[in-house]
Amino acid sequence: MVSRYERLSFSISEIHRYLHSIAADEMKKYGLKGPYAIYLLTLNRYDNGITSSELSDITCRNKADVSRAMTAREMGGLVRREGSSYRAKLYLTDEGRRIASNIGERAKIAVEIGGKGLTEEQKETMYYAMDVIAE
């Protein structure tokens, strides 16, 4: 009999693998790395900008990784920075917003396909349970 731990671990690993594959495929279109997708999607939600530290906290990613990614995206014309300290706010440029919107649409389709066969109530229960487990 498969334990709950094994079942949970396997399911999370499979979902994680698919999410990374989708992000990598989508980001490749723009000459970017897959992990940058989450940064662009997150920044797209903050019209008033957020700091690198806030982006790190929101995405649960290492601050050094976020800083390197944002410096690379800033140089690539997708992100702009207002200020020069760690408190500087990050914003998407128009091109960054366009790409983030495209990525968001692809993510929405992937989530719809992944949730096919589940009722809205089952989806809400699943997301609630995932949030509780993650906390």
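The values are calculated or read from the model by the stated rules, or taken from the named source; none is laboratory data. A quick note: this is a predicted structure, and the numbers were derived from the prediction, not measured. Every residue, glycine among them, receives a Cβ derived from its backbone with ideal geometry; neighbour counts consider all protein chains shown. The area values use the complete protein model at the heavy-atom level, side chains included, leaving out ligands, DNA and RNA. Shrake-Rupley method; radii C 1.70, N 1.55, O 1.52, S 1.80 Å.
What to note about this one:
- From the list Leu32, Leu8, the lone residue that is under 21 Å from Thr93 (Cβ atoms), open to solvent by less than 90 Å² (accessible area, probe 1.4 Å) and not charged (D, E, K, R) is Leu32.
- The sole residue among Ser56, Ser101 that is of a type in the set (Gly, Ala, Ser), open to solvent by 50 Å² or more (accessible area, probe 1.4 Å) and in a helix (DSSP H, G or I) is Ser101.
- Among residues of segment 37-76, those that are touching a helix residue (DSSP H, G or I) at 6+ places or on another chain (Cβ under 6 Å) and of a type in the set (Gly, Ala, Ser), counted: 5
Residue by residue, here is whether (1) at negative phi; (2) in contact with a Pro (Cβ under 6 Å, 6 or more places away or on another chain); (3) aliphatic (A, V, I, L, M) holds:
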residue	(1), (2), (3)
Gly31	no, no, no
Tyr39	yes, no, no
Tyr46	yes, no, no
Cys60	no, no, no
Ala64	yes, no, yes
Arg87	yes, no, no
Ser101	yes, no, no
Val111	yes, no, yes
Tyr127	yes, no, no
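- Flag: Arg61 does not match the condition of being outside any helix (DSSP H, G or I), surrounded by 13 or more Cβ atoms within 10 Å (Cβ to Cβ) and touching a Ser or Thr at 6+ places or on another chain (Cβ under 7 Å).
- Within segment 35-46, restricting attention to residues that are modelled with pLDDT of 90 or more and open to solvent by less than 40 Å² (accessible area, probe 1.4 Å), the residue that is nearest to Ser67 (Cα to Cα) is Tyr39.
- Search result, residues across segment 68-92 that are over 13 Å from Ile50 (Cβ atoms) and either open to solvent by less than 30 Å² (accessible area, probe 1.4 Å) or outside any loop (DSSP other than H, G, I, E, B) (or both): Arg68, Ala69, Thr71, Ala72, Arg73, Glu74, Met75, Leu78
- Residues that are open to solvent by 50 Å² or more (accessible area, probe 1.4 Å), basic (Lys, Arg) and either farther than 30 Å from Tyr30 by Cα or in a helix (DSSP H, G or I) (or both), drawn from segment 104-135: Arg106, Lys108
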